[in-house]
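Step one of this worksheet: look at the structure below.
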There are 2 protein chains.
Amino acid sequence: MTLESILSSITNTNGKFAEQAQNRLDSLTKPQGSLGRLEEFAKQLVAITENPMPSLNKKAVFTFAGDHGVADEGVSAFPKAVTQQMVFNFINGGAGINVLARHAGADVVVVDIGVDGDLGNIKSDAFVSRKVISGTMNMRKGPAMTREETLKCIAVGVELADEYVKKGYKIFATGEMGIANTTPSSAITAVMTGKTVEEITGKGTGINDEAWKHKVQVIKDAISFNMPDPADPVDVLAKVGGAEIGGIAGLIIGAAANKVPIVIDGFISTAGALIAYMIEPKTKGYMFAAHNSQEAGHKALLEKIGLRPILDLDLRLGEGTGAALAMLMIEGGLKIYKEMATFAEASVSGKE
Amino acid sequence: MTLESILSSITNTNGKFAEQAQNRLDSLTKPQGSLGRLEEFAKQLVAITENPMPSLNKKAVFTFAGDHGVADEGVSAFPKAVTQQMVFNFINGGAGINVLARHAGADVVVVDIGVDGDLGNIKSDAFVSRKVISGTMNMRKGPAMTREETLKCIAVGVELADEYVKKGYKIFATGEMGIANTTPSSAITAVMTGKTVEEITGKGTGINDEAWKHKVQVIKDAISFNMPDPADPVDVLAKVGGAEIGGIAGLIIGAAANKVPIVIDGFISTAGALIAYMIEPKTKGYMFAAHNSQEAGHKALLEKIGLRPILDLDLRLGEGTGAALAMLMIEGGLKIYKEMATFAEASVSGKE
């Protein structure tokens, strides 16, 4: 299937199913609307899946790993080798995302889509190798990726969505690992929201004020050198993006095409979500914004898409950690919808 | 034990343990502080329990049920009989709190502390009968409870804390059911925060504008008739409070005395928390504020105690529903602290 045919298969979520879900919600033993956003989550799940009694019994968090040539500019507090080291930490179950995915009853799928270096022959259900590039090029000196590589990254995400739907997964979450990847995410945010680089650039994993100023300059240089076209999301992703951001955009497109809900993690994931949304706005109905990240540019991305985050816990780790936690809230909403007694069943009087 | 001796046994949470927890958090494979409030939750749990590796394996949500004489004034959208009907819904597992407590792995304990009417001989692990009164008196016409009844309600909460600690429970949450109980909660809020009644009175389960104006007048009448002393929290609770609010205050005091963390649900629960806090400010360190309720007065209560809510999901159901969901976030924080690999264990490089 070409990307065009996949995109044309994406529909708006189903309002009739949402209405049906609302009727059930209003029959349950609680004042109408008193479970607030939990009720909205249930309604959205029914509208997405077109199933009056959806299930979320298999959940996957996709943690896309990729390296960034721009790390050579000294924009991160951590050395580039950490991307690879963390991939092994994910596979061994010791990272934040492993702990929180277990807590949420979700499986972690680590995807090597752009790690710089040979990871060897890894045999693990938690790992898939779909390497498109060995790290991006340094975007301060030229485009991060070619257009062809970029489309391949998107295709990887779309294909993974198809594969994991076939494996029985009912809900996806996005996550990522890539030293320096707040830098391309800020570049994407600046280009696509029109905000200044200063406004939407944060301190990533923890750089100091001086390094932050340098990071801002690097992002400005990358944008003025590459001149990405804000009206062409694939061009933006190619010139100032990254492989894992492309994979996330593709996963979202694939989820929407399969009528599967997808939970968007923090800043970097939402940069991928904005790319997906600009490619096909109908994808928005399939998205849940997990949380309000501490990274400066995240709010601008959420506003641009028009998503309200579920959690606000001062997180800034990425990996999919906020998305795993948000899955617990979304599932709570679904359980309310499916498991609560109605006024009639429980012989409880209604409003006077 | 007298209330005085219990209160004098409450200590501040342990800063040395908090420091020890911080050291471990900073050794885990993530940028320092990048898991935000999750890290704070873990630290607070260690400081509360004085245990470097605490466990939350047994959790209880206490849903205190009580009726209110002021319901006769037409301040609620639902008839008074719903309090009893909902008690049976709780026992049968069909209410919102049942669904969300199951989701959080917590047991529900329904406490009849002040229901108006004989509930019969209920045999259920999910129910305890500790009836102090059969509903409060109508506070528009006189004090809701006597001082003696009020102290008994607090004692019920303290005793339940002791009992459930002995049963092996490691974390408590508060919840309540009581038709009309936003009315006494607003009265407590007005008296103890100094805000106007209009500012802190909401629409409860869903009254219209006209009924809201009437509710405001009823609260004003109750306050001016009873003249509760803001410096005496037991007096406020007696004159314009309710049995379930007293039970919640007592449970919090008992939790603090036992060094057990306690999650405070929404508006009514936080009215109970403010009573506990005004009786003994050291109880604050044992509290987690579950969520930011839709009820107008909740924010004023949280600010008065100085608590930042964990969730913001537009909830306004009560029962303990927000607290059950917040337990999942708190437990997520603890799992991060206990289960993540350190930089050394995972051979991941630190900051450059």
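For B:L301, are the conditions met, namely being open to solvent by less than 10 Å² (accessible area, probe 1.4 Å), closer than 30 Å to B:A231 by Cα and more than 13 Å from every other protein chain (Cβ to nearest Cβ)? When the stated conditions are applied, B:L301 passes them. For the stretch B:47-140, the strands (runs of 3 or more DSSP E) that sit wholly inside it and include 1 or more residues that are buried (at least 16 other Cβ atoms within 10 Å of the Cβ) and in contact (Cβ under 8 Å) with a residue 60 or more places away in the chain are B:59-66, B:106-114. Note on the stretch A:141-151: among residues that are in a helix (DSSP H, G or I) and touching a residue at least 60 places away in the same chain (Cβ under 8 Å), the one that is farthest from A:E319 (Cα to Cα) is A:R147.
Okay, residues lined up against (1) in contact with an Asp or Glu (Cβ under 9 Å, 6 or more places away or on another chain); (2) closer than 25 Å to A:R316 by Cβ:
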residue	(1), (2)
A:L119	yes, no
A:S124	no, no
A:K131	yes, no
A:D162	no, no
A:I171	yes, yes
A:E198	no, yes
A:T205	no, yes
A:N208	no, yes
A:A211	no, yes
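Matching residues to (1) in contact with a Phe, Trp or Tyr (Cβ under 6 Å, 6 or more places away or on another chain); (2) open to solvent by 50 Å² or more (accessible area, probe 1.4 Å); (3) farther than 30 Å from A:V234 by Cβ:
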site: A:L3; (1), (2), (3): no, no, no
site: A:I6; (1), (2), (3): no, no, no
site: A:E19; (1), (2), (3): no, yes, yes
site: A:D26; (1), (2), (3): no, no, yes
site: A:A42; (1), (2), (3): yes, no, yes
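Restricting the stretch A:173-190 to residues that are of a type outside the set (S, T, N, Q) and in contact with an Asp or Glu (Cβ under 9 Å, 6 or more places away or on another chain) leaves a set whose member that is surrounded by the most Cβ atoms within 10 Å (Cβ to Cβ) is A:G175.
If we keep just the residues of the stretch B:191-209 that are without any contact (Cβ under 8 Å) to a residue 60 or more places away in the chain and more than 14 Å from every other protein chain (Cβ to nearest Cβ), which is surrounded by the fewest Cβ atoms within 10 Å (Cβ to Cβ)? Checking each candidate, the answer is B:D209.
Could we say that B:K30 is within 14 Å of chain A (Cβ to nearest Cβ), touching a residue at least 24 places away in the same chain (Cβ under 8 Å) and open to solvent by less than 10 Å² (accessible area, probe 1.4 Å) here?
So B:K30 passes the test.
Among the residues here, B:G36 qualifies as under 27 Å from B:L325 (Cβ atoms), open to solvent by less than 40 Å² (accessible area, probe 1.4 Å) and out of contact with any helix residue (DSSP H, G or I) (no Cβ under 8 Å at 6 or more places or on another chain).
Within the stretch B:306-352, can you find the residues that are of a type in the set (A, V, I, L, M) and either surrounded by fewer than 18 Cβ atoms within 10 Å (Cβ to Cβ) or at positive phi (or both)? Of everything in the stretch B:306-352, just one residue is of a type in the set (A, V, I, L, M) and either surrounded by fewer than 18 Cβ atoms within 10 Å (Cβ to Cβ) or at positive phi (or both), namely B:A344.
Just to check your reading of the model, which residue among B:E50, B:E39, B:E19 is within 14 Å of chain A (Cβ to nearest Cβ) and among the charged types (D, E, K, R)?
B:E39
Close contacts from the stretch A:334-352, counting a first residue that is facing another protein chain (nearest Cβ under 7 Å) and a second that is part of a strand (DSSP E or B), with Cβ to Cβ under 8 Å and a gap of 6+ residues or different chains, come to A:I336/A:L28; A:M340/A:L28; A:A341/A:L28.
The values are calculated or read from the model by the stated rules, or taken from the named source; none is laboratory data. The model shown is predicted, which means the values in this text are computed figures rather than measured ones. So basically every Cβ, Gly included, is an ideal-geometry build from the backbone, and we count neighbours across all protein chains shown. Ligands, DNA and RNA are excluded from the accessible area calculation, which covers all protein heavy atoms including side chains. Shrake-Rupley method; radii C 1.70, N 1.55, O 1.52, S 1.80 Å.
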